[in-house]
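Bear in mind that the values in this text are calculations on the coordinates, not laboratory data. The model shown is predicted, which means the values in this text are computed figures rather than measured ones. Because the Cβ atoms are built from the backbone with ideal geometry, glycine has one as well, and the counts that use them run over all protein chains shown.
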Amino acid sequence: MKIKKIAILICCSFLLGTGNLLAQHAVQMKEQYRPQFHFSPQKNWMNDPNGMVYSNGVYHLFFQYNPYSSVWGPMHWGHATSKDLIHWQQQPIAIYPDSLGTIFSGSAVADKNNTSGFGKNGQVPLVAMFTQHDTVGEKAGKNDFQNQSIAYSLDEGKTWIKYAGNPVIKNPGVKDFRDPKVMWFEPQKKWVMVLAARDIVSFYSSPDLKNWTKESDFGKDLGAHGGGWECPDLIQLDYNDNKTGKLNHRWVLIVNLNPGAPNGGSGTQYFIGNFDGKTFTTDQKDTRWMDYGPDNYAGVTWSNTGKRKILIGWMTNWLYANQVPTEKWRNAMTIPRELRLKQVGESVFLTSKPVAELAAIQSKPVSVANGSTKITLPCRLDISMNTNNDFSLDLSNDANEKLVIGYDKNSNQYFIDRSASGKVDFNKDFAAKHWAPRLTNNAGMNLTILVDKSSVEVFADDGLTVMTSVFFSTTPYKFIHLQENEKNTFPKLKYTQVKSIW
């Protein structure tokens, strides 16, 4: 009997301890400013999304992580997993620094054909490729302190084995030489990698993920060059030609830039063109931005998702990422976004929309008759109107803090104004009104607006114009007010409650 009682006591103690941990976690994930339907780390610093790969029904999200502090520091690969792109579970740290350096950004692939030879007993290896940053070499003033290495996993990303032959690409003497994004190029049965090299990108190819050959460079005289190019990506998308109805295929090169974005600091530009396995070409002359808001950076797509291309970005800006007023954790990811191409006139643009999986945590939409109502965050707001007139939507609280989203007809631009949104004095660049061009002349407009406890994401005109902005109100916003300058053309507004993923 004593043994049974002891066993019962031990079991109860374990369950009680587990319950306390779960309760602590639940409280932790309800902190002030903690996003409720976006991924954020339980504690400490996070930046770029890394190594995103879909394998056996699980979406893997690795990320730049400092396990020792809530500001940037020695980079590891953190890890989180999801089965639906919405609910995330943070996993143990995946990849640690070693004698070659800390672990900077990179990508991961499922090597289905076992070209690397890492697979055993039919197990498909996941292979990660990342930049190793030698801080000693950097401090010594060298130019070759960033090199590319690989690691592989045979247990679905739980543990990683670094390749004994690292680095697999040695630095040719370029100070900024990083962020490899790898994809399988089926027409030529080879791996292709795009890599940031100062303010251009370089393309490499490999038969086995171990031995790489440089193919070409791109970008010297194209796009924005206000800062260094980072976190590139290369994807193929289809679209239907407006005139012929013919299905066309185009390649999209995504390039992150810091500084030099249209609203200051960090941003993401893209190029639409062609790729032949060696060289990317484009006839695009203008600079195009994936997101015109200040707070979507380093976004790249998941690999192994077929024709569906899903991107996630780091939801902040290097201008103030280390200073935002959170304490135990810093920074979050955007909502995962599905990328498509859309033809507007003679031009083809990249569009972004929240993934359809978001609907699983949404309540039934409610029409807001007079444009004003109380709200509870997080929520989704949908605006539609038959004309292209000025309008503004205020989100506010009892402290007279407000975030304003709207459209200015004279300049033909959307905007987000967070100058009076709450805490703004932690950085001189934070309080501002940010602008984004409207890219279609269609009569009428539509906007989907996702509002979390400290972020807003605006998807206008079916995702042609996108803006992401973080904010830090002292108390949650609980009112919305929509106003439009023209009479008898009042926009339709729907309010949808969004459930917490925690």
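Some notes on this structure:
- Label-to-label distance, S384 versus V58, with points set 7 angstrom from Cα along the beta-carbon direction: 4.0 nm.
- Mean Cβ count within 10 Å, highest first, over the residues of peptides 343-349, 213-219: 213-219, 343-349
- Extension gain, E186 back to T281 (0.36 nm per residue minus Cα-Cα distance, nm): 32.3 nm
- Taken one residue at a time, the phi angles of the stretch 326-331 give Karplus couplings (6.51, -1.76, 1.60, θ = phi - 60°) of 10, 10, 7, 9, 9, 5 Hz. Gly and Pro are set to x.
- Full extension of the segment from Q236 to Q323, taken as 0.36 nm per residue of separation minus the current Cα-Cα distance, would add 27.6 nm.
- Whole-number percent relative contact order across the chain, with pairs defined as alpha carbons under 8 Å at least 6 apart: 13 percent
- Simple spin-label estimate for A359 and K43 gives 4.0 nm between the two label positions (7 Å along the Cα-to-Cβ direction from each Cα).
- Nearest-20 debye value, the chain charge dipole, Cβ charges on Lys, Arg, Asp, Glu: 1360 debye
- Using a Förster distance of 35 Å, the FRET efficiency for H87-N121 (Cβ separation, nearest 0.05): 0.65
- The label point for W502 and the one for H249, both projected 7 Å from the Cα toward the Cβ, are 4.4 nm apart.
- Between E156 and T135, the FRET efficiency estimated from the beta carbon spacing at R0 = 51 angstrom works out to 0.95.
- Taking 0.36 nm per residue of sequence separation and removing the Cα-Cα distance, the S392/T475 pair yields an extension gain of 27.7 nm.
- R0 of 22 Å, Cβ-Cβ distance S99-S69: FRET efficiency to nearest 0.05: 0.50
- Residues whose amide H lies under 5 Å from that of K309, counting only those 5 or more places away or on a different chain, are L339; hydrogens are built 1.01 Å from N in the peptide plane.
- Integer Hz, Karplus 6.51/-1.76/1.60 couplings in order for the stretch 78-90, x for Gly and Pro: x, 8, 9, 10, 8, 9, 9, 6, 10, 8, 10, 10, 6
- Cα-based radius of gyration for the stretch 362-497, normalised by 2.2 N^0.38 Å, reads 1.00.
- Here the Karplus relation 6.51 cos²θ - 1.76 cosθ + 1.60, evaluated at θ = phi - 60°, turns the backbone of the stretch 258-271 into coupling constants of 8, x, x, 6, x, 10, x, x, 8, x, 10, 9, 8, 10 Hz, with x for every Gly and Pro.
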